[in-house]
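The values are calculated or read from the model by the stated rules, or taken from the named source; none is laboratory data. Remember, predicted model here, so these are calculated numbers, not experimental data. Please note: Cβ atoms are built from the backbone with ideal geometry, for glycine as well, and neighbour counts cover all protein chains shown.
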Amino acid sequence: MVRALTVVALCLLMTRAFGFEPGKVDFSISFKGETSDFRVMSAFLQASEDLIFKINLPESEQIEISGQGNVVKEPGDRYRWIAPARPGVSRLTIRRPATGAQMTLNLFVLVPADQVEEGMLNGYQIGHYPSEAYLNQAIYLPPPGYLEVTKDMLDIELTPNYRLEQFLCRQPSEFPKFLVLREKLLLKLEYLTEQVNMAGLPVSSFVIMSGFRTPYYNTSIRNAMYSRHQWGGAADVFIDENPKDGKMDDLNKDGKVDKNDAEYLAQLIETFAETTEYKSFIGGLGVYSANSYHGPFIHVDVRGATVRW
């Protein structure tokens, strides 16, 4: 037991030595089936939707909650926040006076999907989702809403190491742009970022080569009809730290950058997939070679089933 704790402590010291900060606080909250102990976290809600969240501390401990909108204490250790009827972003601050720890919760209210007309939403081309859900799975139904992104929102921290701008679809357009994103993908990326650092690969944040894709854009690049990117649950990523040159680093130290570096990263992630804490992040893991447009990269998603390619 002592040895295990020592190993954990050494790993944490290693991440600090690399300059990486996971950005965690000394308590967690649970909401929408997810749990986060990050100093900043984000949730995506429909207009007027109730957000029920639990603060994972003894009920007797004092908690301070402030911010936009009304928070109602529910029986037990739960709280209710009712999203406004209009789309936008609100923020709650949850503070633990006993330690001074503080968490910010970004609450994004989405534009309803029924405002999409002929594949367009406020001048932005969404396109059309498949008429049938893949294998009748609910995760492949068209999303119920879209996050409206204006230019002044690009630098919003969604989690400690990932910003809103990183997940936007690559299709050329003016603002506002629109986005679909799952909370679980954010948590998985933070988990992988911390674990990769602890394994000895310094990374401040994965470069997200491709996050959300509209069905229009997904079709234009001839990608798979049911690509999880269209539902905000996938990211194509690589490590670009030394040197910062817009492509994957030489991770396996063989003096060149190629698919083997993507394989190296994927194999490292496979070792995490064997752990208990990874279970909620089960999904796809793919490896891609470089071409004339990009360097090697890997694909990760949170589809809930193990798929490899």
### Query
Is it true that Ile208 is assigned to a strand (DSSP E or B), under 22 Å from Pro22 (Cα atoms) and in the same structural domain as Leu135 (by TED's automatic domain parsing)?
yes
### Message
Among the residues of region 137-164, what is the count of those that are in contact (Cβ under 8 Å) with a residue 24 or more places away in the chain and outside any loop (DSSP other than H, G, I, E, B)?
### Response
13
### Task
Answer yes or no: is there a residue in region 79-86 that is part of a strand (DSSP E or B) and modelled with pLDDT under 95.
yes
### Message
Considering only region 89-105, I want to know if a residue exists there that is over 25 Å from Thr35 (Cβ atoms), assigned to a loop (DSSP other than H, G, I, E, B), small (Gly, Ala, Ser) and without any contact (Cβ under 8 Å) to a residue 24 or more places away in the chain.
### Response
no
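Name the single residue, out of those in region 165-190 being part of a helix (DSSP H, G or I) and of a type in the set (A, V, I, L, M, F, W, C), that is surrounded by the fewest Cβ atoms within 10 Å (Cβ to Cβ).
Looking at residues that are part of a helix (DSSP H, G or I) and of a type in the set (A, V, I, L, M, F, W, C), I get Leu187.
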### Task
Output the residues belonging to region 38-80 that are farther than 20 Å from Met153 by Cβ and either in contact with a Gly (Cβ under 7 Å, 6 or more places away or on another chain) or of a type in the set (Val, Ile, Thr) (or both).
Ile52, Ile55, Ile63, Ile65, Val71, Val72
### Task
Test Tyr293 against the stated conditions and say whether it is under 22 Å from Ile221 (Cα atoms) and at pLDDT below 95.
yes
### Query
Out of all the residues in region 165-177, which are over 16 Å from Lys188 (Cα atoms) and either without any contact (Cβ under 8 Å) to a residue 40 or more places away in the chain or of a type outside the set (Gly, Ala, Ser) (or both)?
Glu165, Leu168, Cys169, Arg170, Gln171, Pro172, Glu174, Phe175, Pro176, Lys177
### Task
Output yes when any residue across region 55-66 is outside any loop (DSSP other than H, G, I, E, B), exposed (fewer than 12 other Cβ atoms within 10 Å of the Cβ) and at pLDDT 95 or above, and no when none is.
yes
